[in-house]
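**Student:** Attaching a single structure in C-alpha cells format; questions to follow.
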Amino acid sequence: MIATQLTVAIYQFVDALMVKSLGEASLAAIAPAGMMIQIPLTFGLGLVATVTTFVSNAHGGKSKYLTAIYAWVGIIIALAMGCAVLSLWPFSANIMNLIPTDIGVFEKADNYFRISLLSIAPQLLAAAIGGYFLGIDKPYIPLYSALLGSASNVLFNYGLMFGKFGAPELGFVGAAWGTVLASLTGAAAIFAAFLLEKHPPVWQLRFRKHVFSRFLCIGAPAGLHHCLDVIAWGYVLLYFIAQFGTSHLAAASVVLRCMQLSYLPTHGVGMALTSLVGNCMGTGDHQGAERFARMAFRTLGLYMASIGIFFIVGSQQIVTMFTPPELHSDALFSEVAKHSLIIVGTFQIFDAMYIIYSDSLRGAGDTAWQSIINFLYCVVIFIGGSILVVRVWPDGGSLGLWIVDGIYVTTQGLTSYLRWKKGLWRSAHFISRVLGTVRDVPPGTL
C-alpha cells in the first residue's frame, strides 16, 4: 500500500508540473478546485475505508461469507455517494465563490471542480474494492490498479492538456478530464479482478439493515474525521491564504503538492495498518496490534522526518522547479513558497504520529471519539488560530497560517498517540459494541 499511495503522490507531483507550464492563474486555480473536490471525496474514502476494518476482522475469523457481505456493502455505498455528489454540479460557482480569488482563477477553478465531480464515483468504487483486497491480504491487486490508473492519468492529462495523441487541446480543464478517464480505467480494472474472486455471488447474500447500520456506525465517523482534516487543510487554509493574493495562493499549491509526497505513502501504511489491526482484533491478538502500530510509527516516522528535513534544506530548489516562467521575477512568490516549505518540514514527524495511530484506532473500531476531538481541534485551534493570525499579524501573510497548521497537526498527533496508549480499544465490551462478534455468525443469518 505504500507503493500504491506513492504512485498517487508522484502523479499529483507530475500533474502540478504540467499545470505550471500553463501560467500562474492555472497553478493558483488547481489548489482551491482540488481541495474543494477533496472534501466530498475524502468523506467518501473515509467511509468506504471501513471495508478494510470489517473484511479484515471477518477474514481473521475465517468467514468468506462475511467478507463478501462487507465488500458489496462498500460497493453499494460508494456508488450511491458517487452519484449523490453530482447534485453539487449546479452549485459549483457558489462553492468556488467560498474562496476569494480573482476572476481568471475563479473561472478555471469552477470548470475543474465541475468536471472532477464525475471522478468521485469510480474513485470510491476502486477504494471500496481495494479495501476488500487489503482485508484478505492481497494488497498487490489494488497496487496494480493504482499503477494502471496513475500511468493512464499522466497520459490522458498530457494528451488532453496539450492536444497530443490525436486528442483535443483542452488546456487546464484537460487535467480534470484526464483524472475522470483515469479513474474509470483504474476502477474498471479492480472491479474486474473482484468479480473473478472466489466468494459467494451477490444474489446468494442476505443483506440486513443492521449490516449497513454497523458499517455506517464505524464508517461515518471515520469519513467525518478525514473530511474535517480536508476542510481544515483545504477550505479554511485556502480561504485565509487567498486573502493575501494570487502569489500566496500559487505558493500554497506548490507546498500542498510537495506535502503529498510525504503523507500519501504514510496513508498507504495507515491503510495496511488498519487491516493488520483489524485482523488482530478478529483473532483477539491485542499484543500483535500494538506491535504492528509501533513498527509502523518507527518506520514512517523516520520517513516523514527525512522528508521534512528535505523540505527545510532543499526548499529553494523545490520552489525553483515549480515556478512558472512568468513568476521567475516574482520575489514574493518564491519567498512565501520557500518559507512555507520550511515551516511544513518542522511538523512532519507529528503528522506521521497522527496518521499511524489514528488509523490503528480505526482498525480497532475506535472512530467516533476521533471525529469529536478533531472537530473541536479544527474549530478552536485551526479556525480560531487562523482568524487570530489574520487580525493580529496580517504582515506575516500566509506564513502565520502555516504556523497554525503546525500547532494543529502536532496536537492531533500527540492526542492520537495518547488515545492509543490508553488502550480502551482492548476492552472486550468496546470491541463487541462497535464491531460486533463476526466470527461466530453462520452464513445466511446476518
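The values are calculated or read from the model by the stated rules, or taken from the named source; none is laboratory data. Everything quoted here is computed from the prediction, not taken from an experiment. Positions of Cβ are backbone-derived with ideal geometry, glycine not excepted, and every protein chain shown enters the neighbour counts.
**Student:** Between Val404, Val392, which is more than 25 Å from Met259 (Cα to Cα) and at pLDDT 90 or above?
**Tutor:** Details: Val404 fails: more than 25 Å from Met259 (Cα to Cα).
From the options Val404, Val392, the qualifying one is Val392.
**Student:** Give just the number: which of (1) within 16 Å of Ala352 (Cα to Cα); (2) in contact (Cβ under 8 Å) with a residue 24 or more places away in the chain; (3) out of contact with any Leu (no Cβ under 7 Å at 6 or more places or on another chain) does Cys258 not satisfy?
**Tutor:** All conditions are met except number (3).
**Student:** Restrict the check to the stretch 257-275 and report whether at least one residue is buried (at least 23 other Cβ atoms within 10 Å of the Cβ) and more than 16 Å from the chain's Cα centre (by Cα).
**Tutor:** yes
**Student:** Just to verify a result, which residue in the stretch 327-379, among those that are among the acidic types (Asp, Glu) and closer than 23 Å to Gly268 by Cα, is surrounded by the fewest Cβ atoms within 10 Å (Cβ to Cβ)? I'd like the intermediate steps shown before the answer.
**Tutor:** Step one: filter the stretch 327-379 for residues among the acidic types (Asp, Glu), giving 330, 335, 351, 359, 366.
When the remaining residues are screened for being closer than 23 Å to Gly268 by Cα, the result is 351, 359, 366.
On the way: Asp351: 26, Asp359: 28, Asp366: 21.
Out of the qualifying residues, it is Asp366.
Residue by residue, here is whether (1) closer than 23 Å to Met281 by Cβ; (2) at pLDDT below 90; (3) touching a Ser or Thr at 6+ places or on another chain (Cβ under 7 Å) holds:
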site	(1), (2), (3)
Tyr65	yes, yes, no
Leu88	no, no, no
Ser92	no, no, no
Pro122	no, no, yes
Tyr140	no, yes, no
Ala146	no, yes, yes
Ala151	no, yes, no
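**Student:** What is the residue count in the stretch 230-274 for residues that are in contact with a Pro (Cβ under 8 Å, 6 or more places away or on another chain) and over 23 Å from Met18 (Cβ atoms)?
**Tutor:** Residues flagged as in contact with a Pro (Cβ under 8 Å, 6 or more places away or on another chain) and over 23 Å from Met18 (Cβ atoms) within the stretch 230-274 amount to 3.
**Student:** Within the stretch 21-35, count every residue that is outside any helix (DSSP H, G or I) and either touching a strand residue (DSSP E or B) at 6+ places or on another chain (Cβ under 8 Å) or not hydrophobic (A, V, I, L, M, F, W, C) (or both).
**Tutor:** 2
Yes or no, residue by residue, for (1) in contact (Cβ under 8 Å) with a residue 12 or more places away in the chain; (2) within 30 Å of Gly60 (Cβ to Cβ):
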{"residue": "Ser145", "(1), (2)": "yes, yes"}
{"residue": "Leu148", "(1), (2)": "yes, yes"}
{"residue": "Ala151", "(1), (2)": "no, no"}
{"residue": "Leu160", "(1), (2)": "yes, no"}
{"residue": "Gly163", "(1), (2)": "no, no"}
{"residue": "Leu170", "(1), (2)": "no, no"}
{"residue": "Ala182", "(1), (2)": "yes, no"}
{"residue": "Ala187", "(1), (2)": "yes, yes"}
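**Student:** Still on this structure, I have one more. Scan the stretch 86-113 residue by residue and report those that are touching a Phe, Trp or Tyr at 6+ places or on another chain (Cβ under 6 Å) and charged (D, E, K, R).
**Tutor:** Once the filter is applied, which keeps residues that are touching a Phe, Trp or Tyr at 6+ places or on another chain (Cβ under 6 Å) and charged (D, E, K, R), the stretch 86-113 yields only Lys108.
**Student:** Here is a further query. I'd like to know if the stretch 241-252 contains one or more residues that are over 22 Å from Gly406 (Cβ atoms), touching a residue at least 40 places away in the same chain (Cβ under 8 Å), in contact with an Asp or Glu (Cβ under 7 Å, 6 or more places away or on another chain) and outside any helix (DSSP H, G or I).
**Tutor:** Within the stretch 241-252, not a single residue is over 22 Å from Gly406 (Cβ atoms), touching a residue at least 40 places away in the same chain (Cβ under 8 Å), in contact with an Asp or Glu (Cβ under 7 Å, 6 or more places away or on another chain) and outside any helix (DSSP H, G or I).
**Student:** Can you run down the residue pairs with Cβ atoms below 6 Å, 6 or more apart or on separate chains, where the first is in the stretch 283-303 and closer than 20 Å to His59 by Cβ and the partner is surrounded by 18 or more Cβ atoms within 10 Å (Cβ to Cβ) and β-branched (Val, Ile, Thr)?
**Tutor:** Ala289/Val277; Ala296/Val269; Ala296/Ile356
**Student:** For a quick check of your reading of the model, give me the residue pairs whose first member lies in the stretch 382-397 and is touching a residue at least 24 places away in the same chain (Cβ under 8 Å) and assigned to a helix (DSSP H, G or I), whose second is surrounded by 17 or more Cβ atoms within 10 Å (Cβ to Cβ) and charged (D, E, K, R), with beta-carbon atoms closer than 8 Å and at least 6 apart or on different chains.
**Tutor:** Going by the 8 Å Cβ cut-off, the qualifying pairs are Phe382/Asp405.
**Student:** Does the stretch 244-256 hold any residues that are of a type in the set (A, V, I, L, M) and either out of contact with any helix residue (DSSP H, G or I) (no Cβ under 8 Å at 6 or more places or on another chain) or surrounded by 24 or more Cβ atoms within 10 Å (Cβ to Cβ) (or both), and which are they? Quick ask: steps written out before the conclusion?
**Tutor:** Filtering the stretch 244-256 for residues of a type in the set (A, V, I, L, M) gives 249-252, 254-256.
Selection gives Leu249, Ala250, Ala251, Ala252, Val254, Val255.
**Student:** Among the listed residues Ala121, Ala167, identify the single one that is small (Gly, Ala, Ser), in contact with a helix residue (DSSP H, G or I) (Cβ under 8 Å, 6 or more places away or on another chain), farther than 14 Å from Ala29 by Cβ and surrounded by fewer than 19 Cβ atoms within 10 Å (Cβ to Cβ). Give the steps one after another, and end with the answer.
**Tutor:** Working: Ala121 fails: surrounded by fewer than 19 Cβ atoms within 10 Å (Cβ to Cβ).
Exactly one residue qualifies, and that residue is Ala167.
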